[in-house]
Amino acid sequence: MKSLLFAFLLLISCSQSKAQESAEILPKEKVSELKNYLKNKSYNQDLAVFINFKIHSGKYRYFVYDLKNNKIIQRAIVSHGSGSVIPKSNTLKFSNIEGSYQSSLGKYEIKESYVGQFGKAYRLNGLDSTNSNAMQRAIVLHSFGCIPDKESQNLACLSLGCPMLSSKAFNETAKHLDQSKKSVILYAFY
């Protein structure tokens, strides 16, 4: 009987720590904030992409999220801009300025795809004052060979400000984006 009780308590504590871990990687208030933003707008209401730049770049911090069922449907490693790095620090800095090579925070409309220097990519239209220069800065969602598929303690390679995914992760995201009749919003936060 004691072992059954112990197993039950262990199961409860593991499921609580999983829920807490999930809340830390993708805070509920960020999901709620985006759901409120989407109301009465002509964007996809069922799907969104989140980037939590607080998470180490070698860990999963890019999430395709099912807004209807409140669950993460894809996790991936994503780069940040080389200009966002502060030497000898674990914190990042962000900018909306051309030539800063920094990532920008805020909500983006994921626009049409095109084929360019990195193969297929998606244009990003910044919707906030913190990322309103994304189109002129040519900030796009694309893949790059140096981004790994699996988490590690190593930092991901750096971009010039674009969110870069591994080819495998990018192709998985592309399936979701290409099936959507309305633009999907990407929300990058710190």
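Taken about its Cα centre, region 129-190 carries a charge dipole of roughly 200 debye when the Cβ of each Lys and Arg holds +1 and the Cβ of each Asp and Glu holds -1.
The packing ranking of peptides 78-91, 152-165, highest mean first, is 152-165, 78-91, where packing means the average number of other beta carbon atoms within 10 angstrom of each residue.
Taking Kirkwood radius over Cα pairs in Å as calculated from this structure, the corresponding entry among (i) 20.3; (ii) 17.4; (iii) 17.8 is (ii). Taking packing as the residue-averaged number of other Cβ atoms within 10 angstrom, the listed peptides 98-105, 116-123, 24-31 run from highest to lowest as 98-105, 116-123, 24-31. For the chain, the longest principal axis of the alpha carbon atoms and the long axis of helix 167-179 meet at an angle near 80°.
When the pairs 54/175; 35/181; 54/168; 71/175; 68/111 are compared against a 20 Å limit on Cα-Cα distance, 54/175; 54/168; 68/111 fall above it.
Angle of helix 2-25 to the longest C-alpha principal axis of the chain, folded into 0 to 90 degrees and rounded to 10: 10°. The Cβ shell under 15 Å around residue 135 holds other residues with a net charge of 0, Lys and Arg each +1, Asp and Glu each -1.
Axis of helix 28-38 versus longest Cα principal axis of the chain: the two differ by about 40°, to the nearest ten degrees. Pairs of Cα atoms nearer than 8 Å and 6+ residues apart set the relative contact order; for the chain it is 24 percent. Which shape class, rounded, prolate or oblate, goes with region 73-170 when its Cα gyration tensor gives a ≥ b ≥ c as root eigenvalues, a/c under 1.5 marks rounded, and past that a/b bigger than b/c marks prolate? Since a/c reaches 1.5 but b/c is at least a/b, the shape of region 73-170 is classed as oblate.
Only the coordinates and a few stated rules stand behind these numbers; no lab work does. Keep in mind that this is a model prediction, so the values were computed, not measured. Note that we place each Cβ from the backbone using ideal geometry, even for glycine, and neighbour counts take in every protein chain shown.
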